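These notes are about the structure you will find just below.
The values are calculated or read from the model by the stated rules, or taken from the named source; none is laboratory data. The structure presented is a predicted model; accordingly, all values stated were derived computationally and were not measured. All Cβ positions, glycine included, derive from the backbone under ideal geometry; neighbour counts span all protein chains shown.
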Amino acid sequence: MNWILISVIAAFFQNLRSGIQKNLNKEISLVASTYVRFMFSLPFAGLLFFFYFKNFDPLFILLQEKTFILYVISGSLAQIFFTFTLLYSFRFSNFIVGTTLSKTEVVQISILETFLLNDHFNQTTIIGIVISTLGVIVFSTKDKKVLLNNLISKSTIIGLFCGFLLALSVVCYRGATLNLPMFNSTFEKALSTLFVAVLIQSILMTIYIVIFEKEQFEKMYENKKQCILAGLSGFIATISWFYAFAIMQAAIVRAVGQVELLFSYIASRYYFKETIKIEEIIGILIFVFGVVVILLAK
């Protein structure tokens, strides 16, 4: 059951990274703050990879595993496109619809896992996934009227597509960790997948920043402490996710990992001094009930 603890750790550090990025967004662009999560995680991933394996020789072995490379490249690209699609959804006046429906990722993960990885879920687990997802949506929706009035809109399609891209990246990362036959250790699979994925994402997003937002490099340097903290917390979150994916089905891991809601609640209430609505508390309770159902099913 250590995957549960690892998932909670992943959720905690993901929430911490999100909080740091929320502050960073005041100083640098949204794309640059996204770039930070990859580029500033790379040194930590590279150092751990080198010190664990004693050299970078395993990297050349990894590059010869065609199925692994296909999955990790697909996951990396899907995660980048997810970020850009989510940023694009912010341009709409009713962007809350898109961001809310992107929270359907866990349901979409379970569907993609069934078709791409041949993973299957029992009926009780599926019910728990649906309940927990409803809880996330209730918690995340700040304006219920806007959501209901714009369900049939461009924002709806974009939101569902965001959820699909995020789900695809998660399933591909799990597929990558499952296709490393040369490693018996779950940690080695997680570390290898993380290092290759972050390396690919850092290279691609560096090219984008150099071409379109070169001025952001100076701003990142001015906020280097926050960038490093975001990179470190993002690194811990990601390697924890990948470790859990190597043990348990990704949909179940991500469903449990939505405990990030509780951390988000604490951060909003006590750090950002934001007012918490009764609907958000109800959403958390629904989510917790869904997770309990999932755990009992397992």
query: Do we have any residue at all in segment 186-201 that's assigned to a helix (DSSP H, G or I), in contact with a Lys or Arg (Cβ under 8 Å, 6 or more places away or on another chain), in contact (Cβ under 8 Å) with a residue 12 or more places away in the chain and of a type in the set (Ser, Thr, Tyr)?
result: no
field: Of all residues making up segment 64-87, the number that are free of Cβ contacts under 8 Å to residues at least 60 places away in the same chain and either touching a Pro at 6+ places or on another chain (Cβ under 8 Å) or not in a helix (DSSP H, G or I) (or both)
entry: 1
task: Please find, among Ser264, Ser233, Ser185, the residue that is among the small types (Gly, Ala, Ser), over 27 Å from Tyr52 (Cα atoms) and at pLDDT below 95.
output: Ser264
query: Any chance segment 137-151 includes a residue that's at pLDDT 80 or above and within 22 Å of the chain's Cα centre (by Cα)?
result: no
- prompt: Of all residues in segment 174-185 being of a type in the set (Gly, Ala, Ser) and not in a loop (DSSP other than H, G, I, E, B), which is nearest to Leu116 (Cα to Cα)?
  reply: Gly175
- line: Sole miss for Ile203 among (1) at pLDDT 85 or above; (2) touching a helix residue (DSSP H, G or I) at 6+ places or on another chain (Cβ under 6 Å); (3) within 29 Å of Phe50 (Cα to Cα) is condition (2)
statement: Residue hits (segment 33-50; out of contact with any Lys or Arg (no Cβ under 7 Å at 6 or more places or on another chain) and closer than 14 Å to Ile239 by Cβ) are Phe38, Ser41, Leu42, Pro43, Phe44, Ala45, Gly46, Leu47, Leu48, Phe49
- line: Note on segment 39-61: residues in contact (Cβ under 8 Å) with a residue 12 or more places away in the chain and either among the polar types (S, T, N, Q) or not in a helix (DSSP H, G or I) (or both) are Phe40, Ser41
- request: Could you tell me whether Asn23 is of a type in the set (S, T, N, Q), modelled with pLDDT under 90 and part of a helix (DSSP H, G or I)?
  value: yes
